[in-house]
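Remarks on the structure that follows.
The values are calculated or read from the model by the stated rules, or taken from the named source; none is laboratory data. Computed from a prediction, not measured in an experiment: that's the story for all the values here. Heads up, the Cβs are rebuilt from the backbone with ideal geometry, glycines too, and the neighbour counts pull from every protein chain shown. Accessible surface areas use protein heavy atoms only, side chains included; no ligands, DNA or RNA. Shrake-Rupley method; radii C 1.70, N 1.55, O 1.52, S 1.80 Å.
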Amino acid sequence: MFDFLKKKISGFVDKISGKKESTFPSSIKEERVKLTISTHVKSLFSNEIELGENDIRSALNDFELELLEGNVALAVAEQIKEELRRELIGKKVKKNELQQQITSMFFNSIKSIMLENTGIPIIEQLDEIKTRPIKIMFTGPNGSGKTTTIAKIANLLKKNNYSVVIAAADTFRAAAIEQMEFHGHALGIKVIKGKYGADPTSVAFDAVNHAKAHNIDIVLIDTAGRQETNLNLLNELKKMARVINPELKIYVGESIAGNSVIEQVGMFDKELKLDGLILTKLDCDTKGGTVISISKVTHVPVLYITIGQGYEDIEKFDGDKIARNIGI
Ligand code: GDP
């Protein structure tokens, strides 16, 4: 999943250690990365090198561009670059340990970025919520994996002995209701539906009433999505949130969508006050930058990641594990 970023770290190390020239678009010779002559001469007589600003400036600029290419958000790429710069300048590094040291600096940097907004997975939040039924509303664009993710959460809840009902309140997209019913049937979970074009809030309302009447613990509410943020949709979702008053509002977005998912989360959070994110399709994400940076930029914590199409392909977000996957 993080091959892209791993490759970029080794490229960065090669540039700093002088093995490879910078590809930063600059024809100015001085900007080229190779150790500056004085650093280079000193390093001939010692197995340690002390890196100066000039040794790493251009390599860091390259690295920042490469992080952006890997879907790391700008603010986060800048922070990583700054931290690496601060750590590296003036530091005596054993030549044969350069790779390991820089890798672990990068690891610490992204780990602290990811842990800034640690979320508590839904399943661990439920004990604290005393109301019944607990309503969880899922939002996000079409195709992001929202329906499948709701089924995965339903499966997780059921395995943890919660009773669940699903509201098929995406009454806009063709086949959304049938798809939800398909999952409900496979998991043995009741799905409350309306007609296509029906008011989604009324479908959610019916599901809440069903849960009250049958002592069901949790109502999972699917909602419509559009690829572009759409004012009507946001108003529809705000209305649902006002009427249903969900305990949790979750945004489901594809990690492969990069900056566009970050922008949309910002917009949805402004309008709806999100409680958490689920990032989907990390198994298809060859870059990995979104999962590193989304919480830092949006201040909305990632609660889960999904890694495949099966009901079990969901994991709670573990920043430490992700950092370790990239780091070493
Ligand atoms: P929705 O339109 O947001 O409800 O999206 P769906 O739940 O219908 O998912 C769209 C497609 O993405 C389906 O083919 C899902 O099987 C697939 N999908 C969902 N989550 C994942 C995931 O974590 N990994 C992969 N590879 N595919 C996924």
* Could you give me the ³J(HN,Hα) list for the stretch 257-271, computed from phi with Karplus coefficients 6.51, -1.76, 1.60 and θ = phi - 60°, whole Hz, x at Gly and Pro? -> 7, x, 5, 5, 6, 5, 4, 5, 4, x, 5, 5, 5, 4, 7
* Hey, what's the chain come to in accessible area per residue, 1.4 Å probe, Å²? -> 46 Å²
* Built amide H within the under 5 Å cut-off of Leu51, gap 5+ -> Gly90, Lys91, Val93
* Structure fact -> Taking protein heavy atoms only, a 1.4 Å probe, and rounding to whole percent, the accessible area of the chain owed to carbon and sulfur comes out at 51 percent
* Report the FRET efficiency, 1/(1 + (r/R0)^6), for Glu82 and Asp14, where r is their Cβ-Cβ distance and R0 is 30 Å, rounded to 0.05. => 0.90
* Which of Lys146, Lys135, Lys190 moves the most in a Gaussian network model of the chain with Cα springs under 10 Å? -> Lys190
* **Value at 222 nm in deg cm²/dmol, rounded to 500, when DSSP H runs of n ≥ 4 in the chain each add -39,500 (n - 2.57)** => -15500 deg cm²/dmol
* Structure fact -> Under a Gaussian network model of the chain whose springs join Cα atoms within less than 10 Å, the largest fluctuation of Lys159, Lys296, Lys287 belongs to Lys159
* **For Val72, distant residues with modelled amide H under 5 Å away** => Gly289
* Asked: Looking only at Thr290, Thr147, Thr131, which one moves most when the chain is put into a Gaussian network model with springs between Cα atoms under 10 Å?
  -> Thr131
* Sorted by average packing, counted as other Cβ atoms within 10 angstrom per residue and highest first, what order do 8-15, 217-224, 87-94 take? -> 217-224, 8-15, 87-94
* Show the residues, 5+ positions off or on another chain, whose built amide H is closer than 5 Å to the amide H of Gly225. => Asn142
* Asked: Which whole-Hz ³J(HN,Hα) couplings does the stretch 87-94 yield from phi under the Karplus relation 6.51 cos²θ - 1.76 cosθ + 1.60, θ = phi - 60°, glycine and proline marked x?
  -> 6, 8, 5, x, 8, 8, 10, 5
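Given a cut-off of 18 Å, name the pairs among Lys270/Lys321; Lys239/Lys273; Lys15/Lys81; Lys146/Lys281 whose C-alpha atoms lie farther apart than that in the structure shown. Before the final figure, lay out each step's value.
On the way: Lys270/Lys321 30 Å; Lys239/Lys273 13 Å; Lys15/Lys81 15 Å; Lys146/Lys281 11 Å.
Violating the 18 Å limit, Cα to Cα: Lys270/Lys321.
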* Structure fact -> Between the alpha carbon centres of the stretch 115-140 and the stretch 206-228 the gap in Å comes to 15 Å
* the stretch 122-318: antiparallel DSSP beta bridges as a percent of all, rounded to 5 -> 10 percent
* Isotropically averaged projected area of the chain, using the convex hull of Cα atoms (one quarter of hull area), nm² -> 17.9 nm²
* Structure fact -> Here, Glu124 and Asn230, labelled 7 Å along Cα→Cβ, have an inter-label distance in nm of 3.7 nm
* To do: For the chain, calculate the relative contact order in percent as a whole number, restricting contacts to Cα pairs under 8 Å that are 6 or more residues apart.
  => 22 percent
* Please give the contour-minus-distance gain from Lys92 to Glu69: 0.36 nm per residue of separation, less the Cα-Cα distance, rounded to one decimal in nm. => 5.3 nm
